[in-house]
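The structure appears right after this line, and notes come after that.
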Amino acid sequence: MEFMLSEEQRMLQESLTRFLASACPLDRVRKVADAEESMAEDVHRGLAELGIPGILIPEDFGGVGMGFLEAALVSEALGGAVAPVPYTATSVMVPVALMAAGSDHQKQEWLTKIASGKTRVAVGVTEQLGRRESAGINASNGRLSGSAMFVLEGMEADVFLTADSTGALHMVAGDAEGLERTKLKTIDRTRSVIELSLDQTPAEVLPGSVSNREPLLCTIDAGRLMLAADTLGAAQTMLDQAVAYAKERRQFNRPIGSFQAVKHMCAEMAAELEPCRSLVWYAAHSVRSMPEEARLMICHAKAHLSEVGQFVARTSTEVHGGMGFTDLLGLHYWFKRIGFNRQVLGGPELIREEAARVQGLVS
Amino acid sequence: MDLAYSVEHEAYRDEVRSFLAKNKNKSPGLGFRDGTAANDWQQLLIEHGYAARTIPKEYGGAGLEADILKSHILAEEFAHAKVRPGHSGDNRIVPVLLELGTEEQKERFIRPTVRGEMSWCQGYSEPGSGSDLASLQTKAHVDGDDFVINGQKIWTSGAKTAHMMFCLVRTEPDAPKHQGISYLLIPMGTPGMEVRPLRQMTGDSQFNEVFFTDCRVPTTEIVGNRGEGWYVANATLKHERGGLGDPNQAAGRFNDILDLMKNETVDGRRLMDIPSYRDRAMALQARIFAMKFNGMRVLSHNIKNEEPGLSRWIVKLQGCELNHQTASLAIDVMGELGILYDGSPHIRDQGMWQHRYMMDLGLIIGGGTAQIQKNIIGERALGLPKEPKFDKPI
Ligand SMILES: Cc1cc2nc3c(=O)[nH]c(=O)nc-3n(C[C@H](O)[C@H](O)[C@H](O)COP(=O)(O)OP(=O)(O)OC[C@H]3O[C@@H](n4cnc5c(N)ncnc54)[C@H](O)[C@@H]3O)c2cc1C
């Protein structure tokens, strides 16, 4: 029995953190955000050199064939650095979908491209969880029509993975006829989200997902796990920043961290956040090792991290006083990233309901 | 990350299971641990190495090598079978005696304590000294071969039934506050000692006031040297804190709530079918899992003899809070039924949830309050600066 990270996993964490610290400091994030770019190309390229886009993809298809715990550690590091790069959709959700439901030919074609980092695939499955307005996609005769909202990593994508109204998954080329993308502006400028409109657009169905919702659900699980891990990383950075600030900022001739009101805010953040790490690890580990527990644990991880993330985000901001509210410090990038993660792929209430259903508690 | 147990540990688990299957009927039931039936059970467990595992044989223990995982497996299996587990005597005093007691003290106290024949109470808190324990005022001076004790203790749990008290008293009035304290062992019922029960909010009277008037104990009944009591006591506080907030306890209680919500109805609807209750239950379940896995992490570090850091510092604060929230949820989903108490008609689970709701609040306060825990997390785990001190001399 050993519930801790292996040496290799710690090394992965360290090398990523080191890379992001040098390649993706806050200044770099700001440039993307201010220019309203969809991503930091150079950071993405650097991550591709480390093999990150193929983290889950088997070596046979050009990936590095690691597990969900490693994928979650990557997500945590990206959240920690508020890195403006595609990951959750293209490096995790899409490979999961392809491996679960793609034909041999599709796997061969797409997984290798994704692993290289050269092809980026966005994911539009929001309508399967909660349809807003009249969004939704219908399939007939190999063509798709309709719209998908909140398509993750959509601006920079070359290809889209989307679900039709039955839950079957389709791959759609980014330059296919009848496809239009409309950028949606969210609070979080480190992520790109679009509305995808399709009009008789040719698409390629993933055969294993026809009349079988499981591949869709696994894809969503994988995405939720990554968002939970992203929040873990982002919240940890906010806590670290609050603690550092509380040691250094002085008022009334003493460091503000010596005031109990401030010290206790920090202690509460730490006490809430630390167990989240174990929850994310366990959920990630369960995907392959204890698949019967995985969906429940992922639901709990996503919902609970949303709550704790929100608490840490507001509390850390408060510890910083007026400085926390400014753009100067940039703390708000983390605040917004956490806010984004909370809503996407299901907010906490919705997911808790699912956690109850997974356990057969809802009659 | 490997949640599987080794062959050796799996075999151990099987062995414990078959022992439990065979001997379960001899177990005297959960609840208080005194009485001969409980002591016979404890003796049987020690013989099999299932209680007092690491206490040396010469002092009545099983004398086995420490194996954190085996202890963990034991706790899990006994909890699972709902059989009363064995104990190591008293996890506050026995480790202290083993570490710092004289040979004579070990001989005299550890064996009966481990067998369950001798029980202890902790005489630390005083009316004027709670969180600021080191300011304590109960005094002892040496007269001939005795310490002569005067003063008062309060909140002394179990003082009415205990055989012995381990107690902090000020023996060096001129020394700085942490260096003037000594750690004494006092037989209950010693002349000059008076115990007055205090009624708690639960209606029970587990804790007491203890008054000392020229109460005499031989000077040999000290653990450590004069003036070292604070450091001796901190060894025990460490052991006590480790025990409060056990995440598996909250997990077990949560399962009882799920059963309650599946079976209890309002307007003919199962409580589980009321969305807002269900939502709270799920939110709590996530917290409980998080703490349970946090516990696995602490355990894994302990096995490897590595410092678990923050994950350990938060256990008392978060674990006790979770227990309290668990009881609170049970009461809320029961609504008016949740306020029934004291054997009332229609009562559920003998009013256990209200009792726990109050008891768990007591444990949020006892053993270092939640606020003190936050100071500790802030200062020791996060390295935040201490507050300026306004200590006045004792
Ligand atoms: C169920 C129960 C069993 C107990 N059993 C025993 C026992 O067997 N033996 C024994 O010796 N004692 C026992 N105690 C006493 C317990 O250890 C004390 O109650 C506890 O340490 C708090 O001390 P106090 O009650 O004097 O509260 P105080 O220290 O007066 O605290 C009052 C309030 O002030 C806050 N406070 C105090 N100092 C600080 C600070 N520095 N920073 C922030 N906030 C602060 C506290 O958090 C609390 O909210 C027991 C208590 C309970 C509730």
- Angle in degrees between helix A:214-248 and the longest Cα principal axis of chain A, rounded to the nearest 10: 20 degrees
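When the helices in the protein assembly as shown are scored as -39500 (n - 2.57) per DSSP H run of 4 or longer and the sum is shared across all residues, what 222 nm value do you end up with, to the nearest 500 deg cm²/dmol? Numbers along the way, then the final one.
Numbers: 24 runs with 343 residues, N = 757.
It lands at -14500 deg cm²/dmol.
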- Please find the FRET efficiency linking A:Asn253 to A:Leu26, where r is the Cβ-Cβ separation and R0 is fixed at 35 Å, and quote it to the nearest 0.05. 0.70
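How well do other chains shield peptide A:276-289, expressed as the mean number of their Cβ atoms within 10 Å of each residue Cβ? Please report the intermediate quantities before stating the final value.
Working: counts 5, 6, 11, 8, 2, 5, 9, 2, 1, 4, 1, 0, 0, 4.
Mean shielding by partner chains, rounded to a whole number: 4.
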- Starting from the Cα of A:Lys113, draw a straight line to each of the aspartates and glutamates and keep only those under 19 Å, dropping any in the same chain fewer than 8 residues away. A:Glu41, A:Asp42, A:Glu49, A:Glu59, A:Asp60, A:Asp104, A:Glu153, A:Glu156, A:Asp158, A:Asp175, A:Glu204
- If one takes the longest principal axis of the Cα atoms in chain B, at what angle in degrees, from 0 to 90 and to the nearest 10, does the Cα axis of helix B:247-263 lie? 40 degrees
- Task: Calculate the length of the line joining the C-alpha centroid of region A:201-222 to that of region A:100-161, in whole Å.
- Result: 9 Å
- Query: For A:Glu292 and A:Ser145 in the same chain, what is the full-extension length gain: residue separation times 0.36 nm, less their Cα-Cα distance, in nm?
  - Reply: 49.4 nm
- Hey, got a sec? Which GluC sites (Glu not before Pro) in region A:34-114 land in a DSSP loop and have at most 13 other Cβ atoms within 10 Å? A:Glu36
- Taking Cα pairs closer than 8 Å and at least 6 residues apart, the relative contact order of chain A in percent is 16 percent
- Note on the structure: Per its Cα gyration tensor (rounded if a/c is under 1.5, else prolate when a/b beats b/c, else oblate), region B:181-332 is best filed as oblate
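Run through the DSSP bridge list for chain B and note the antiparallel percent, rounded to the nearest 5.
Working: 31 of 36 bridges.
Close to 85 percent.
If you average the sequence gap of Cα pairs under 8 Å that are 6 or more apart and divide by the length of region B:120-227, what percent do you get for the contact order?
Over region B:120-227, the number comes to 31 percent.
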- Give the angle, between 0 and 90 degrees and rounded to the nearest 10, that separates the Cα long axis of helix B:352-365 from the longest principal axis of the Cα atoms of chain B. 40 degrees
- Message: Based on DSSP loop calls and a cut-off of at most 12 other Cβ atoms within 10 Å, the longest stretch of chain B free of exposed trypsin sites (Lys or Arg not before Pro) is what?
- Response: B:83-198
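Grab the beta carbon distance between B:Ile365 and B:Glu194, set R0 = 30 Å, and tell me the FRET efficiency rounded to 0.05. Let's see the in-between values first.
Numbers: r = 25 Å, r/R0 = 0.83.
Working from the Cβ atoms, E equals 0.75.
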- Query: So if we plug the beta-carbon distance of B:Ser71 and B:Asp259 into 1/(1 + (r/R0)^6) with R0 = 25 Å, what FRET efficiency do we get, rounded to 0.05?
  - Reply: 0.30
- Note on the structure: In region B:120-227, taking the dipole from +1 charges on Lys and Arg beta carbons and -1 charges on Asp and Glu beta carbons about the Cα centre, the listed residue (B:Gln122, B:Leu198, B:Cys215) farthest towards the positive end is B:Leu198
- Task: Determine the shape class of chain A: with a ≥ b ≥ c the square roots of the Cα gyration tensor eigenvalues, call it rounded for a/c under 1.5, and otherwise prolate if a/b is greater than b/c, oblate otherwise.
- Result: prolate
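For A:Leu5, B:Leu168, what's the fewest-to-most ordering of other Cβ within 10 Å of each Cβ?
Numbers: A:Leu5 18, B:Leu168 25.
Result, fewest neighbours first: A:Leu5, B:Leu168.
Local charge sum around B:Glu306 (other residues, Cβ-Cβ under 15 Å, Lys/Arg +1, Asp/Glu -1)? Walk me through the numbers before you get to the answer.
Numbers: positive: A:Arg10, B:Arg297, B:Lys304, B:Arg312; negative: A:Glu2, A:Glu7, B:Glu307.
Neighbour charge sum, excluding B:Glu306 itself: +1.
Once you order the gyration tensor axes a ≥ b ≥ c over the Cα atoms, which shape class does region B:120-227 get: rounded for a/c under 1.5, otherwise prolate or oblate by comparing a/b with b/c?
The shape class here is oblate.
Just rank B:Met201, B:Met118, fewest to most, by other beta-carbon atoms within 10 angstrom.
Numbers: B:Met201 10, B:Met118 19.
So the residues, fewest neighbours to most, are B:Met201, B:Met118.
Excluding B:Leu64 itself, calculate the net charge of residues whose Cβ lies under 14 Å from the Cβ of B:Leu64, where each Lys or Arg counts +1 and each Asp or Glu counts -1. Spell out each step's value before the answer.
On the way: positive: B:Arg53, B:Lys57, B:Lys70; negative: B:Glu8, B:Glu15, B:Glu47, B:Glu58, B:Glu65, B:Asp67.
That works out to -3.
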- Query: When chain B is modelled as a GNM with alpha-carbon springs shorter than 10 Å, which of B:Gly368, B:Gly252, B:Gly35 fluctuates the most?
  - Reply: B:Gly35
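Pairs A:Lys336/B:Lys262; A:Lys247/B:Lys153; B:Lys153/B:Lys389; B:Lys106/B:Lys304; B:Lys106/B:Lys386: which are spaced more than 32 Å apart, C-alpha to C-alpha? Before the final figure, lay out the partial values.
On the way: A:Lys336/B:Lys262 39 Å; A:Lys247/B:Lys153 38 Å; B:Lys153/B:Lys389 25 Å; B:Lys106/B:Lys304 29 Å; B:Lys106/B:Lys386 38 Å.
Listed pairs above 32 Å: A:Lys336/B:Lys262; A:Lys247/B:Lys153; B:Lys106/B:Lys386.
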- Task: Considering Cα pairs under 8 angstrom that are at least six residues apart, work out the relative contact order of chain B and quote it in whole percent.
- Result: 11 percent
- Task: Compute the distance in nm between two label points, each set 7 Å from the Cα along the Cα-to-Cβ direction, one at B:Asp2 and one at A:Glu349.
- Result: 4.6 nm
- Query: Between B:Asn305 and B:Asp349, 0.36 nm times their residue separation minus their Cα-Cα distance comes to what?
  - Reply: 11.7 nm
- Item | Full-stretch length increase - B:Glu107, B:Gln137 - with 0.36 nm per residue and alpha-carbon distance subtracted | 7.7 nm
- Note on the structure: Counting as exposed only trypsin sites (Lys or Arg not before Pro) in DSSP loop states with no more than 16 other Cβ atoms inside 10 Å, the longest exposed-site-free span of chain A is A:1-117
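Values quoted throughout were computed directly from the atomic coordinates according to the rules given, and no laboratory measurement underlies them. These numbers were taken from a predicted model, which means no experiment stands behind them. Note that each Cβ is placed from the backbone with ideal geometry, even for glycine, and that neighbours are counted across all protein chains shown.
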